Amino acid sequence: MMNNLGSDGEDLPITRSSGGLWCVEKDLSSRKVISEITITNGVVWSPDSQTLYVADSAPQIIHAYDFDLASGGVSNRRVFSAITDLGYPDGAAVDSEGFLWSCRWEGQCVARFAPDGGIDRIVPIPAPRVTSLAFGGADFRTVYVTTARHGHTPEEDKRFPQQGSLFAFEAPVAGLPRPQFAG
């Protein structure tokens with residue numbers, strides 16, 4: 001994707017969708033499988049590995065793709081979610097029931113989406129910039145959520161004194177371990 005940080009850490013505008021998603025093969029060669037992404041986030045697979053989810057944060061869209069595990073092939077792009085009133089989709093994880101958990105930058109929450117793209121639940125987080133999550137604990141029911149202080153203002157510091165912290169909550173179902181690289 002375009003570089004969006006200046007030399008002093010300031011935000012730079014992203015003016016084109018030049019990002020992509022690459023597949024790294026077992027022999028460490030690589031190939032581009034998705035093009036024209038503005039800001040790639042939330043790359044996760046369904047429990048059966050047949051659906052790949054990719055968030056494009058700037059336009060507030062999560063796409064779903066058919067995924068062929070044997071070949072690494074990606075096809076049939078479709079909009080999974082284009083909700084704009086919960087902030088921007090950022091990091092994500094999928095649980096054992098196939099529901100996608102999406103962190104919402106500027107949304108103060110984690111949203112759990114059903115496999116059909118509908119919102120199942122919203123978990124409030126006391127920070128505006130919710131960045132990523134992972135399932136953990138002995139039973140994979142503890143959800144760990146990261147947040148950022150990047151771009152915060154003094155007013156936000158007063159309103160959200162815990163921004164930039166790590167949060168945790170118990171999920172109603174177990175998550176899945178992250179996939180391992182097969183190289």
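Taking every pair of distinct Cα atoms and averaging 1/r, then inverting, what Kirkwood hydrodynamic radius in Å comes out for the chain?
Kirkwood hydrodynamic radius for the chain: 17.2 Å.
Which log10 I(q)/I(0) values does region 69-121 give at q = 0.13 Å⁻¹ under the Debye formula, counting every alpha carbon as one identical point scatterer?
Ignoring solvent entirely, the Cα scatterers give -0.36.
If we count other beta carbons within 10 Å of each Cβ, what is the order of Ile34, Ile119, fewest first?
Ile119, Ile34
Would you please classify the overall shape of region 51-159 from the alpha carbon gyration tensor, given that a ≥ b ≥ c denote the square roots of the eigenvalues, rounded means a/c under 1.5, and beyond that prolate means a/b larger than b/c while oblate covers the rest?
Judged from the Cα gyration tensor, region 51-159 comes out prolate (a/c at least 1.5, a/b above b/c).
How large is the helix-only mean residue ellipticity at 222 nm for the chain, computed as the sum of -39500 (n - 2.57) over DSSP H runs with n ≥ 4, divided by its residue count, in deg cm²/dmol to the nearest 500?
After summing the helix terms and dividing by the residues of the chain, the value is -500 deg cm²/dmol.
Please list the non-local residues whose amide H lies under 5 Å from the amide H of Gly20, H modeled 1.01 Å from N, same-chain partners needing a gap of 5 or more.
Ile37
Looking at region 126-183, what % of the alpha carbon pairs are farther apart than 18 Å?
Value for region 126-183: 46 percent of Cα pairs lie more than 18 Å apart.
Between Thr146, Thr40, Thr84, which gets the highest mean-square fluctuation from a Gaussian network model of the chain, Cα cutoff 10 Å?
Thr84
Find how many whole Å separate the alpha carbon centroid of region 122-183 from the alpha carbon centroid of region 29-72.
Using only Cα atoms, the two centres lie 21 Å from each other.
Among Val44, Val33, Val130, which one shows the biggest mean-square fluctuation in a GNM of the chain, springs joining Cα atoms closer than 10 Å?
Looking only at Val44, Val33, Val130, the largest GNM fluctuation is found for Val33.
Which residue, Pro161, Pro126, Pro172, tops the fluctuation ranking in a GNM of the chain built on C-alpha contacts under 10 Å?
Of the options given, Pro172 has the highest mean-square fluctuation.
Counting other beta carbons within 10 Å of each residue's own, what order do Ser102, Ser71 fall into, fewest first?
Ser71, Ser102
What number comes out for the charge environment of Ala171, summing +1 per Lys or Arg and -1 per Asp or Glu over other residues with Cβ under 12 Å away?
-2
Along the charge dipole of region 19-170, which of Asn76, Ala138, Tyr88 sits closest to the positive end, that is, farthest toward it, with unit charges on the beta carbon of Lys, Arg, Asp and Glu (+1, +1, -1, -1)?
After comparing all options, I get Tyr88.
I'd like to know how region 1-64 sits against the 2.2 N^0.38 Å rule of thumb: what's its Cα Rg over that expected value?
1.29
So if I place +1 on the C-beta of Lys and Arg and -1 on the C-beta of Asp and Glu, and nothing else carries charge, what would the dipole magnitude of the chain be about its Cα centre? I want it in debye, nearest 20.
80
Values in this text are rule-based calculations from the coordinates and carry no lab data. Remember, it's a predicted structure, so these values are computed and weren't measured experimentally. Here the Cβ is made from the backbone with ideal geometry for all residues, glycine too, and neighbour counts use every protein chain on show.
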